[in-house]
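The values are calculated or read from the model by the stated rules, or taken from the named source; none is laboratory data. Remember, it's a predicted structure, so these values are computed and weren't measured experimentally. In this analysis, Cβ positions are derived from the backbone assuming ideal geometry, glycine residues included, and neighbour counts consider all displayed protein chains. Surface accessibility is based on the protein's heavy atoms, side chains included, excluding ligands, DNA and RNA. Shrake-Rupley method; radii C 1.70, N 1.55, O 1.52, S 1.80 Å.
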Amino acid sequence: MFYPIHLNISDMNITVVGGGRIAYRKCKFFLESGKAVTMVAMEFCPELEAAGDRLKLIRDSYRKEYISDSALVIAATNDRETNRRIAADCAESQKLVNVADDTSLSGFIVPACVKRGDLLICVATGGKSPSLSKRIKRELEARYDESYRVHAAALGYERKKSKEPPSWT
């Protein structure tokens, strides 16, 4: 059973093991949020090669030492045994892990999300049907356009102002 939660990843070290399109898709949110990510793989897809300085690319096979400083790990290799080993290493050291090809080994799953500024709408099927999550995400993207970025910011500003003590000067 998965518990819905939004993590503050500001101070977390994040490692993605894998360099293909699935690994890219898994780390895309981090990149769009300006978060630095360490990636470990022998080869990287063009999107990862072009991602710039927010990615630290390590061209090597997986070794446990590559996740030693990470609080959050994503195993997205094309080798199930390597993914299992990553999951076991993470369990041993109590790290959060998402295994792209096996939710039963995962400590968390990554939902399909629509982000409009601070508004974040996520859809998950517990890993049972990523295609359904993707379809619902597309529907949400059409319904909640970029104008919601401004709405969320304005409401956040009003909320902050309403919490401030009155000024008696």
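Of all the criteria given as (1) of a type in the set (Gly, Ala, Ser); (2) open to solvent by 50 Å² or more (accessible area, probe 1.4 Å); (3) at pLDDT 90 or above, the one not satisfied by SER167 is (3). A count restricted to segment 37-51 and to residues that are at pLDDT 90 or above, surrounded by fewer than 19 Cβ atoms within 10 Å (Cβ to Cβ) and within 25 Å of GLY117 (Cα to Cα) stands at 1.
Mind listing whichever residues of segment 21-46 are in a helix (DSSP H, G or I) and not basic (Lys, Arg)?
Going residue by residue through segment 21-46, those that are in a helix (DSSP H, G or I) are 21-32, 46.
Result: ILE22, ALA23, TYR24, CYS27, PHE29, PHE30, LEU31, GLU32, PRO46.
The set of residues from segment 27-60 being under 17 Å from LEU72 (Cα atoms), basic (Lys, Arg) and out of contact with any Lys or Arg (no Cβ under 9 Å at 6 or more places or on another chain) comprises LYS28, LYS56. A Cβ distance below 6 Å, combined with a sequence gap of six or more or placement on separate chains, defines the contacts here; from segment 1-16, residues that are farther than 17 Å from GLY126 by Cα reach residues that are among the acidic types (Asp, Glu) in the pairs ASN13/ASP69. Of everything in segment 8-35 that is modelled with pLDDT of 90 or more, out of contact with any Ser or Thr (no Cβ under 7 Å at 6 or more places or on another chain) and among the aliphatic types (A, V, I, L, M), the residue that is surrounded by the fewest Cβ atoms within 10 Å (Cβ to Cβ) is MET12.
Per-residue answers, yes or no, for (1) among the hydroxyl-bearing types (Ser, Thr, Tyr); (2) surrounded by 13 or more Cβ atoms within 10 Å (Cβ to Cβ); (3) part of a helix (DSSP H, G or I):
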| site | (1), (2), (3) |
| --- | --- |
| GLU81 | no, no, yes |
| ASP101 | no, yes, no |
| LYS115 | no, yes, no |
| LYS128 | no, no, no |
| GLU139 | no, no, yes |
| HIS151 | no, yes, yes |
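State whether one or more residues within segment 52-66 are of a type in the set (D, E, K, R), more than 21 Å from GLU32 (Cα to Cα), open to solvent by 60 Å² or more (accessible area, probe 1.4 Å) and at pLDDT below 95. Within segment 52-66, not a single residue is of a type in the set (D, E, K, R), more than 21 Å from GLU32 (Cα to Cα), open to solvent by 60 Å² or more (accessible area, probe 1.4 Å) and at pLDDT below 95.
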